[in-house]
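The values are calculated or read from the model by the stated rules, or taken from the named source; none is laboratory data. Predicted model only: the values in this text are computed from it and were never measured. Glycine also receives a Cβ, built like all others from the backbone with ideal geometry; neighbour counts cover every protein chain displayed.
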Amino acid sequence: MPHSGVLNIRKLEEKPTVKTERKTIRTKRGLREYNRVGCPLTRNRSAWCFRICNPDVEGHGRCGRIAPHGLKGKTQLAIEGHKRKSLETHLENLERMYLSAPYNVGHEPGIKISLGEADIVVPIQDDYFNAAGVLSSTVCFKAMNDAAIFAVNSLVANSVALTTNFSISLTQTPATGELLARGRFVGMSGDQYLAESILTDSDGEEIGRAEGTLEVRAVPSSADAG
């Protein structure tokens, strides 16, 4: 089971093509046809809702109609608004925490975190190259590791997820431009978080991949933690 601090997310499902059925109804003015829309999941043409789909953000079910279980009251909307604001604050705090870390002072990186993902951009500097004139692999490792760490930390509240194992493979290293590391949370293995990273150059060419495991430590996170 995920850690108790994990922030849940429900992905919106794609709506299938809504199929209608032509029916005839008798009125005082005679017979007339109308479209009868049923449940596209059960293929049942009943007028009532079976409450088995996930309504979209506007409350519409897969059939295209307003879903009874998708209706939200003021209290529920207020709760969702609070959770959304808390998540935004959490992600912003993580970004500030990363940028304020002492080990990033000379790297001048940029970071963007969303739920379960993190992008880190590192400008390539002259002092990143070794004596042979090749970009040091430690810079690539750091970028991918950091991206994986913050992708996982976007899902963790009131704690910090730290790397326990991380392996990388590099195909080439650029000489100029920027490094873009994109980290992504991929799942759980017991109490371990699984994450992966992809490293690209300024032209979008992939130059490295990495994967690893992280675990939650009881270390309060904040924008001042560094």
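Scanning for something surrounded by 15 or more Cβ atoms within 10 Å (Cβ to Cβ) and assigned to a helix (DSSP H, G or I), does the range 181-201 turn up at least one residue?
The answer is no, given that none of the residues of the range 181-201 is surrounded by 15 or more Cβ atoms within 10 Å (Cβ to Cβ) and assigned to a helix (DSSP H, G or I).
Just to be sure, is Val105 more than 26 Å from the chain's Cα centre (by Cα) and either among the aliphatic types (A, V, I, L, M) or in the same structural domain as Ala147 (by TED's automatic domain parsing) (or both)?
On the way: more than 26 Å from the chain's Cα centre (by Cα): yes; either among the aliphatic types (A, V, I, L, M) or in the same structural domain as Ala147 (by TED's automatic domain parsing) (or both): yes.
For Val105, the condition - more than 26 Å from the chain's Cα centre (by Cα) and either among the aliphatic types (A, V, I, L, M) or in the same structural domain as Ala147 (by TED's automatic domain parsing) (or both) - is met.
Quick one: Thr75 ticks every box in (1) part of a helix (DSSP H, G or I); (2) surrounded by 11 or more Cβ atoms within 10 Å (Cβ to Cβ); (3) without any contact (Cβ under 8 Å) to a residue 12 or more places away in the chain bar one, so which box is it?
(2)
State the number of residues belonging to the range 116-155 that are assigned to a strand (DSSP E or B), at pLDDT 90 or above and crowded, with 19+ Cβ neighbours inside 10 Å.
The number of residues fulfilling the criteria is 3.
Only residues that are surrounded by 15 or more Cβ atoms within 10 Å (Cβ to Cβ) and either over 17 Å from Asp146 (Cβ atoms) or at pLDDT 90 or above (or both): list them for the range 156-173, please.
Selection gives Val156, Ala157, Ser159, Ala161, Thr163, Phe166, Ile168, Leu170, Thr173.
Quick check on Arg84: is it part of a helix (DSSP H, G or I) and either at pLDDT 85 or above or surrounded by 13 or more Cβ atoms within 10 Å (Cβ to Cβ) (or both)?
Here the answer is yes, as Arg84 does meet what is asked.
Which count do you get for residues in the range 48-72 that are within 24 Å of Arg84 (Cβ to Cβ), surrounded by 13 or more Cβ atoms within 10 Å (Cβ to Cβ) and not charged (D, E, K, R)?
10
What do you reckon, is Thr171 assigned by TED's automatic domain parsing to the domain that holds Ile111, touching a strand residue (DSSP E or B) at 6+ places or on another chain (Cβ under 9 Å) and free of Cβ contacts under 8 Å to residues at least 24 places away in the same chain?
No: the conditions fail for Thr171.
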